[in-house]
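**Student:** Here you go, one structure.
Computed from the coordinates by the stated procedures, all read-outs in this text should not be read as laboratory data. The structure displayed is predicted, hence computed values, not measured ones. Note: ideal-geometry Cβ built from the backbone for every residue, glycine included; neighbour counts use all protein chains shown.
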Amino acid sequence: MLKRIQAEYIQAMKQKDKVKVSTLRMLKSAVTNRLKDNGSQEENLTESEIMGIISKLLKQYKEELGFLKADTDKYSEVKQGVEILEGYLPQQLTPNEINQAVDQIFNELPENQRNIGVMMKVIKERLGSKVDMKIVSGLVKTRLG
């Protein structure tokens with residue numbers, strides 16, 4: 001994944017795509033910061049850790065969109081950044097698929113383990129970056145409540 005990001009970064013620089021260069025530079029910086037925090041090498045990052053970094057950065061971009069006016073250049077740039085980052089994540093599950101997965105996990109777990117902490121952990125392990133955990137949290141609370 002990191003090689004793909006680096007290759008697309010170089011390609012964007014050659015094409016003088018300022019938005020893509022900026023977005024990928026931000027992503028590369030986030031990866032570098034994670035490596036420094038952990039004191040590890042690029043090879044030690046798992047695919048799921050990289051997806052987590054992308055998801056976190058995507059969330060920041062989406063939050064920024066909420067504060068910008070839709071008719072500004074900055075809004076357009078941030079919106080393109082969101083699309084670029086979404087291209088690195090796997091296809092998101094539909095609300096119906098998420099609901100089915102939550103129901104399945106609920107039914108698989110023994111009664112004494114049916115709490116929000118255990119369920120969220122299992123869902124995160126199984127579905128990872130394919131779902132918005134905020135949506136999942138609401139479904140789990142409804143299912144348990």
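**Student:** Determine the relative contact order of segment 2-86: mean sequence separation of Cα pairs under 8 Å and six or more apart, normalised by residue count, in whole percent.
**Tutor:** Computed value for segment 2-86: 29 percent relative contact order.
**Student:** Please report, in debye to the nearest 20, how large the charge dipole of segment 1-135 is about its Cα centre when each Lys and Arg carries +1 at its beta carbon and each Asp and Glu carries -1 there.
**Tutor:** 500 debye
**Student:** Among the listed pairs 3/74; 36/74; 18/130; 18/59; 18/62; 3/121, which are separated by more than 26 Å between their Cα atoms?
**Tutor:** 3/74; 36/74; 18/130; 3/121
**Student:** Pull up all non-local amide H partners of residue 17: gap of 5 or more, or a different chain, and H-to-H distance under 5 Å with H placed in the peptide plane.
**Tutor:** For residue 17, no residues qualify.
**Student:** How much space per residue, in cubic angstrom, does the convex hull of the C-alpha atoms of segment 17-78 take up?
**Tutor:** 84 Å³
**Student:** Between 89, 109, 57, which gets the highest mean-square fluctuation from a Gaussian network model of the chain, Cα cutoff 10 Å?
**Tutor:** Checking each option, the largest mean-square fluctuation is seen for 109.
**Student:** Then there is this: Given segment 95-144 reduced to its alpha-carbon atoms as identical point scatterers, what log10 I(q)/I(0) does the Debye formula return at q = 0.24 Å⁻¹?
**Tutor:** With one equal scatterer per Cα and no solvent, log10 I(q)/I(0) is -0.84.
**Student:** Quick one: longest stretch of the chain between exposed loop trypsin sites (Lys or Arg not before Pro), exposed meaning at most 11 other C-beta atoms within 10 Å and loop per DSSP?
**Tutor:** Free of exposed loop sites, the longest segment is 70-145.
**Student:** Charges on Cβ only, +1 for Lys and Arg, -1 for Asp and Glu, centred on the Cα centroid of the chain; of 118, 11, 135, which one is farthest towards the dipole's positive end?
**Tutor:** Of the listed residues, the answer is 11.
**Student:** Which three extents, in whole angstrom, do the alpha-carbon atoms of the chain cover along their principal axes, largest first?
**Tutor:** 56, 41, 23
**Student:** Also, I was wondering about something else. With springs only between Cα atoms under 10 Å apart, run a GNM on the chain and tell me which of 54, 98, 135 wobbles the most.
**Tutor:** Of 54, 98, 135, the Gaussian network model singles out 135 as fluctuating most.
**Student:** Return one number: the angle in degrees, 0 to 90 and rounded to the nearest 10, between the long axis of the Cα atoms of helix 95-108 and the longest principal axis of the Cα atoms of the chain.
**Tutor:** It works out to around 40 degrees.
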